[in-house]
Amino acid sequence: MHAKQSLSVNNIMQYFSPYLPISSSQIHLFKCLDSTNTWLKSHGGSGDICIAEQQTAGRGRRGNRWLSPDAENIYCSVKWYFNISPTHLSLLSLVVGLSIAKALEKIGLRGHGVKWPNDIFWLGRKMGGILIETITSSSQTMQQQIIIGFGLNINMSSSAGNTIDQPWVSLNEAMGKSVNRQQLLAFILEYLIHDLQQFEHLDIQQFQSDWQQWDILHNQSVTILQEHQEHIGVVKGLDEQGRLGVKLNSGKLRYYASAEIRLKKSGRVCL
């Protein structure tokens, strides 16, 4: 069993590139919180980062609970302000997924990818998830305020996750060794901050091409569950709003928003 190593702001920052515009005062590290997303809703400004060693009310998409043992995984949120609300804001969770995938590749992981719209997978098993929330501002500013939350299984033991009801994996199992959380978190934040800085001017066609590299559903057969109906087809990329393209058995290509459907693959509901 690996020895738990607590995170520290200084240890995380030592892995940052010198040009990253984040100061130690913008990183808020806690032993335990209900939720890093919730904390940032009432604290901090654009670029502030909240990290917790443990969450008591962490959650994912559709309100699903995220298991959060102490000092084993990564639970982190970033607050970000866009000067105006980008017309392609629906692509944000997908862009964040690629930021995380690139950081995992940088530390040597292979065989991982992103599952539309907001999960990190390794060889068919879930490793992490992303939760994007918007903040309603009472001011007259046109700024769009966003909280980007993500969680990753890093050094969690199989016994700690025995209540999880879907195939899952920790990064240490995927890599065959214990993982330095400080270094990985720094790499994720560096990719993420860079991608957020560029997001308002995102080259959508280039993003669609980049997405295909990491899309674990590309060319996979799926069943779409929509309003008590099932449609079977093959995944064929994204449109400019991040909707999932599926070529149905009828031959028609249709695009689906994540709020409209659930996906079923290989007999398992996976979204």
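The values are calculated or read from the model by the stated rules, or taken from the named source; none is laboratory data. What you see is a predicted model, and the numbers here were worked out from it, not measured in a lab. As a convention, Cβ positions derive from the backbone with ideal geometry for all residues, glycine included, and neighbour counts pool all protein chains shown.
Is at least one residue of the range 190-197 surrounded by fewer than 17 Cβ atoms within 10 Å (Cβ to Cβ) and of a type outside the set (Gly, Ala, Ser)?
Yes, the range 190-197 contains a residue that is surrounded by fewer than 17 Cβ atoms within 10 Å (Cβ to Cβ) and of a type outside the set (Gly, Ala, Ser).
Restricting attention to the range 224-252, and to residues there that are polar (S, T, N, Q) and in contact (Cβ under 8 Å) with a residue 24 or more places away in the chain, which single residue is nearest to Pro117 (Cα to Cα)?
Gln241
Pick from Leu196, Leu225: which is under 26 Å from Leu91 (Cα atoms), of a type outside the set (Lys, Arg) and at pLDDT below 95?
Leu225
What are the pairs with Cβ atoms under 8 angstrom where one residue, in the range 124-140, is in the same structural domain as Asn83 (by TED's automatic domain parsing) and closer than 23 Å to Trp214 by Cα and the other, located anywhere, is of a type in the set (Asp, Glu) and modelled with pLDDT of 95 or more? Sequence gap at least six, or different chains.
What qualifies is Lys126/Asp119; Gly128/Asp119; Gly129/Asp119; Ile130/Asp119.
What are the residue pairs meeting all of these: first residue in the range 174-192, first residue assigned by TED's automatic domain parsing to the domain that holds Ile49 and within 23 Å of Gly124 (Cβ to Cβ), second residue aromatic (Phe, Trp, Tyr) and not in a helix (DSSP H, G or I), Cβ atoms under 6 Å, and 6 or more apart or on different chains?
Ala174/Trp122
For every residue, the table says whether it meets (1) modelled with pLDDT of 95 or more; (2) aliphatic (A, V, I, L, M); (3) within 24 Å of Leu244 (Cβ to Cβ).
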{"position": "Gly149", "(1), (2), (3)": "yes, no, yes"}
{"position": "Thr163", "(1), (2), (3)": "no, no, no"}
{"position": "Val179", "(1), (2), (3)": "no, yes, no"}
{"position": "Gln208", "(1), (2), (3)": "yes, no, yes"}
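Hey, Arg110 hits all of (1) at pLDDT below 95; (2) assigned to a loop (DSSP other than H, G, I, E, B); (3) out of contact with any strand residue (DSSP E or B) (no Cβ under 8 Å at 6 or more places or on another chain) but one; which does it fall short on?
All conditions pass for Arg110, except number (1).
For Gln212, state whether it is within 30 Å of Gly47 (Cα to Cα) and touching a residue at least 60 places away in the same chain (Cβ under 8 Å).
Answer is no for this residue.
Okay, residues lined up against (1) of a type in the set (A, V, I, L, M); (2) in a strand (DSSP E or B):
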{"position": "Gln5", "(1), (2)": "no, no"}
{"position": "Ile12", "(1), (2)": "yes, no"}
{"position": "Ser17", "(1), (2)": "no, no"}
{"position": "His28", "(1), (2)": "no, yes"}
{"position": "Trp39", "(1), (2)": "no, no"}
{"position": "Gly47", "(1), (2)": "no, no"}
